[in-house]
Amino acid sequence: MIAEFLRRIRYIVTLRQREAELAEEMEFHRSMTAPAAFGSSALAQNRSRDVWIPPWLQDVVHDLRFAARLLVKERGFTLVAVTVLAVGIGIAMLQLVLIDAVCIRGLPIPGVDRVLFLGGRDSHDRDVTLSFREFDDVRQTLTDASGVAAFASAPAVLGDEGRAPDRVLVTYVSAPMFELLQERPLVGRDFESGDDRVGATPVAILTAGVWRSRYGGDRSLVGRAVRINGTPTTIVGIMRDRFRFPNVTDVWLPLSAMPGITTERRLARSLSVIARMSGRGTLTEIRTALAAEADRLSRTYPATNAGMTLTAMRINDRYNGRLTDSVWIAFAGVGCVVLLIACANAAALLLMRAARRGHEIAVRASLGASRGRIARQLLVESALLAALGGGAGATLSALGLRAINSIIPDNTLAYWVTFALDVRGLGFLIAMSAATVLLFGFAPALHLARTDVSSVIKSGSRTGFATMRGQRWTTICLTVECGLTMVMLAGLTLGVRSVRENGRKFFVVNPANVLTTWVTLPADRYRSADARRSFYRVLQERIANIPNVSTVAMATTLPLGGAAPRTLAIDGRTLRSNEAPPTVWTVTISPQYFAAVGAPLARGRDFDDRDGLPGYESAIVNQRFVDLFFPAGDPIGRRFRLPDPNVPPSEAASLTIVGVAPTIRQRATSADADPIVYLPLSGAPPVSAVMFVRSLPDSRPIAPLVREAARALDRELPLYRTMPMNDALDVSQWNARVSNVLLYGIAFAAIALATIGLYAVIAHAVLERTREIGIRVALGARRARLVGLVAGRAVLHLLLGTGAGIGCVFGFERLIAAGGGQTATLGHQLTDPLTLTASAVLLAIVTIAASIVPAWNAARVDPVAALRFD
Amino acid sequence: MGRDDDAIDLLPGTLELLILKTLLAGQQHGYGIAQRLRVWSDDVLQVGESSLYPALQRLLQKAWVKAEWGASENNRRARFYTLTAAGRKQLGNERQEFDRLIVAIHKVLRAGSEA
């Protein structure tokens, strides 16, 4: 079979030579017989070719050749149609790749459907991970599973002789973890149960990334010792490239190396637990076993486990984004809309050309071409266009993915989330190109195949065929297209407004000449708050002594870097019975923070060294907090508490407001500024903090000096993410920037598509009416009236489109609302009057741009040429 | 004469079988094959070119024969067909199959005349 297939291929490749040979052979035959005795050599040639190449394939090749010649002949049309399809397919493909990576593909684990994530749901109905004790109980309950393992991640310091220390992310894993994930080390060995015992020799497994970047891929590293958080630890293995379970881990350690793990209380629920089902086990059985165990635990340990259930779900259900989330629905919706617009455009273009080809088709039909044959020819033309469009679209989406990947900082996305065109992407591409053929190629093909031959030929016109039907189709296409474009434009207007306001959010901060750097104190050496407090104090003093440094401060996050939510209780005010306590957001800062970020306090005083120490429980609040909670009177000196949910409010420390800060945004996505409470760093010195070092303008780069100061204080303390504050703000806003790339890319594409579509339809209308316009000119019509004729058509489409568009925008918002999402960005609705007006104006501009050229052509019609233009 | 391609209606595949048989006597060009068929069948089988050459292409495709250019008896360039091992095997099988078919046809015809 295969050999025969290869012979067929060889025949096709050497077709000319083979046919020449056959001709020569028959020529010899002919010379040997009487001339009259020889049959038709053409028939013999054809039949011989049919032996090697199936006739249907020859037809398709013929159609393709014909289509290719036509596309080359009508270069302008081809270019426009391919561009339209490329934009539609490219954008839809880009979005599918993103959705696939985040929501569908899941973790690269063999037999991933049998791997479960085990957790709990506590008495407050919150999802929780498990404590070591609970993990132990679960492990002993699920004896039927082929493996149960736990993990937890923490930052750590990787140090050794001769190299600067690095801040790394370690994940503590229990021994059967890699076996359960069916991963084997590239070099060295897996953890053994002996490694995972208290008092065992400390061992570690490295990711290939750290092994290559820090140790140059040296195989002899296995068996050598490095220091992790100061503890000499032997490297026993190196995992394969790009494996960084669970997210962006650098180093794995046995679970027993996790500080305080075995003595942990039942409430310290810090372990994620996964299990692999054995061959015959089912999820229901596991859930039943867990329910029984949860029941036992709640009876045995009522203080910690009463009301808590144990849960099991497939690991991909836990780690994948949910496709039903409104953001993904909107995202996929936008992709589909752009693709539909592109298809509507391509259909309009094809219909426009079909009108020109009516005569040709009618002639072919009258010469005996069947309707099926004509429809197939037209579909092949569409398929060729779609293939070209698909190829160009793939290139476009690859460029888009490159732009997106270059924005996303390293170590941000989990190791299994990669945005790249792969085999699945190729599958999407082919499916999508085929779908576009059906969408845009079918209507024109049917339409033309139904051509009434006699009426077209009798009409004697090359263009005047079935115009009514053609116009109806194009009007429908165009109205739909305007409607969809309007949704895009509304989204774009909204996006531009939020981006502008995003810009304003930074108004109060002055990031120029500020260096930011992160520091994480190893838990083992800086366990007490006192140790961290005094370390930070000395570090800030040392850095402040660097020449040209004007201000040094620390905080738990950057501006726009998020904040921790807390509930607020104001002294002397009580809540009504069913009123939820207000939420405020907290950021912990050192003295001088506001000076360092360049946003001076509006009222009151800054923190000093005593604030946060017992007896000095003070807080600074932002203007928004004052507006919301102390609209009248002086807020300075007022008191409030930030109670824990499980502790009575009276037991929480009472905080005194000492200052009012300008409103610096911490969360980018919220509609309004949040009320923020700044707490003193000395009160609860964090393990990780960001440092702000403001220097005098035009001074030398101070990053090396800052590093030097830190190293002098603690040789194994890495500073990381050291960069100018402007860059740090950019990096932290990567998701907003990716959204902007997508938003602007898509909106630009939508506008371009709308312009092309409108142009095609209006130009078509003018072309169809050339003879009529010619007569009008011959009879003395003024040019202005002719332009009006074209403009009238454009206005009609504009009105229909705007109407449909407003309907679509409201429909879209309803759809999102039904999916449980909200389209409001920074307080603006898609349907608010300003957004709608702006998009309608944009649509009008697009329409005018699209009709200028056809109107100009109409005004210049030469009556003599037009009347001959049959 | 011969102009009409299908002067004799053959059962499908029979022509290929006959061509293979003619080649059993040694390599031959297309004209020679047609001659042998005519002579051996006492002028009954006059195979037209538009049947013969497609049939030869089918045999080439199945690799039951192979073709080589050579000089004809009157010293002209001609393409000679040779039976391959696979072709020889195929001929054996086909022949048995054909015999079975002929016997079956005879049986049917006889049964009809007895009734």
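How much of the accessible area of the protein assembly as shown, in percent, comes from carbon and sulfur atoms when a 1.4 Å probe is used? Carbon and sulfur: 59 percent of the exposed surface of the protein assembly as shown.
Checking the a/c ratio against 1.5 first, then a/b against b/c, what shape does the Cα gyration tensor give for the stretch A:220-353? In terms of gyration-tensor shape, oblate. Going from the chain on its own to the full set of protein chains, the stretch B:42-62 has these residues losing 10 Å² or more of accessible surface (heavy atoms, 1.4 Å probe, no ligands, DNA or RNA): B:Glu49, B:Ser50, B:Tyr53, B:Pro54, B:Gln57, B:Arg58, B:Leu60, B:Gln61, B:Lys62.
Taking amide H as placed 1.01 Å from N in the peptide plane, the amide H of A:Gly230 sits under 5 Å from that of A:Gly159, each at least 5 places away or on another chain. Sorting A:94-107, A:49-62 by their mean Cβ neighbour count within 10 Å, with the most densely packed peptide first, gives A:94-107, A:49-62.
Along the charge dipole of chain A, which of A:Ile845, A:Val519, A:Leu323 sits closest to the positive end, that is, farthest toward it, with unit charges on the beta carbon of Lys, Arg, Asp and Glu (+1, +1, -1, -1)? Result: A:Ile845. Each residue of the stretch A:773-785 was assigned a 3J(HN,Hα) from its phi angle through the Karplus expression (A = 6.51, B = -1.76, C = 1.60, θ = phi - 60°), giving 4, x, 4, 4, 5, 4, 7, x, 5, 7, 4, 4, 5 Hz with x at Gly and Pro.
Using only Cα coordinates, the Kirkwood hydrodynamic radius of the stretch A:186-240 works out to 11.5 Å. Across B:Val65, B:Val44, B:Val103, mean-square fluctuation computed from a Gaussian network of chain B (C-alpha pairs under 10 Å connected) peaks at B:Val103. This model, with +1 at the C-beta of Lys and Arg and -1 at the C-beta of Asp and Glu, gives the stretch A:205-310 a dipole about its Cα centre of some 180 debye. Taking a ≥ b ≥ c as the square roots of the eigenvalues of the alpha carbon gyration tensor, the stretch A:583-622 is oblate, as a/c is not under 1.5 and a/b does not beat b/c. Rolling a 1.4 angstrom probe over the protein heavy atoms with all chains in place gives the stretch A:731-811 an accessible area of 46 Å² per residue. Per residue, the stretch A:304-414 exposes 41 Å² of solvent-accessible protein surface, assessed with a 1.4 angstrom probe and all protein chains in place. Charge tally for A:Thr282 (other residues, Cβ to Cβ under 15 Å; Lys, Arg +1; Asp, Glu -1): +2. Across peptide A:22-31, the average count of Cβ atoms from other chains found within 10 Å of a residue's Cβ is 6.
Over all pairs of different C-alpha atoms, the stretch A:532-670 has a mean inverse distance whose reciprocal, the Kirkwood radius, equals 16.5 Å. Mean partner shielding of peptide A:7-20, defined as the number of other chain Cβ atoms within 10 Å of each residue Cβ, is 1.
Here the dipole of chain A is about 2500 debye; that uses its Cα centre as origin and unit charges on the Cβ of Lys and Arg (positive) and Asp and Glu (negative).
The interface between chain B and chain A buries about 2500 Å² of solvent-accessible area in total (1.4 Å probe, ligands and nucleic acids excluded). All Cα-Cα distances of the stretch A:1-155, cut into 10 Å bins from zero to the largest, leave 7, 15, 15, 14, 12, 10, 13, 7, 4, 2, 0 percent in each bin in turn.
Per-residue shielding of A:40-51, expressed as the average number of other chain Cβ atoms within 10 Å of the residue Cβ, stands at 5. Computed from point charges on the beta carbon alone (+1 for Lys and Arg, -1 for Asp and Glu), the dipole magnitude for the stretch A:115-206 about its Cα centre is near 140 Debye. As a rough guide to protection, the peptides B:18-24, A:6-12 ranked by mean Cβ packing within 10 Å, highest first, stand as B:18-24, A:6-12. Just to confirm my numbers, what's the Cα centroid distance between the stretch A:520-537 and the stretch B:49-115 in Å? When both Cα centres are located, 94 Å separates them. Among residues other than A:Pro591 with Cβ under 11 Å from its Cβ, the summed charge is -1 (Lys and Arg +1, Asp and Glu -1).
Close amide H pairs (under 5 Å, H built 1.01 Å from N) link A:Ser550 with A:Arg694, A:Ser695, A:Leu696, residues at least 5 positions away or on another chain.
Contact order, relative form, for the stretch A:145-303: 31 percent (alpha carbon pairs under 8 Å, 6 or more residues apart, mean separation divided by residue count).
Of the peptides A:203-214, A:480-491, A:276-287, the order by per-residue mean of other Cβ atoms within 10 Å, starting with the highest, comes out as A:480-491, A:203-214, A:276-287. The phi-based Karplus calculation (6.51 cos²θ - 1.76 cosθ + 1.60; θ = phi - 60°) puts the 3J(HN,Hα) values of the stretch A:530-544 at 4, 4, 5, 4, 6, 4, 4, 4, 5, 4, 5, 4, 4, 5, 5 Hz, whole numbers, x for Gly and Pro. Comparing B:Tyr81, B:Gln35, B:Gly48 along the charge dipole axis of the stretch B:21-84, the residue lying farthest to the positive side is B:Tyr81, per the Cβ-charge model. Over all Cα atoms in the protein assembly as shown, the spread is summed up by Rg and Dmax: 40.3, 127 Å. Measuring nothing but alpha carbons in the stretch B:61-115 and taking Rh as the Kirkwood radius, the Rg to Rh ratio lands at 1.33.
Shape class of the stretch B:7-83 from the Cα gyration tensor (axes a ≥ b ≥ c, square roots of the eigenvalues): oblate, since a/c reaches 1.5 or more and a/b does not exceed b/c.
Among residues other than A:Pro254 with Cβ under 14 Å from its Cβ, the summed charge is -3 (Lys and Arg +1, Asp and Glu -1).
The values are calculated or read from the model by the stated rules, or taken from the named source; none is laboratory data. Everything numeric here is computed off the predicted structure, so don't read it as measured data. Every residue, glycine as well, gets a Cβ built from its backbone with ideal geometry; the counts of neighbours run over all protein chains shown. Quick note on the areas: whole protein, heavy atoms, side chains included, nothing else; ligands and nucleic acids left out. Shrake-Rupley method; radii C 1.70, N 1.55, O 1.52, S 1.80 Å.
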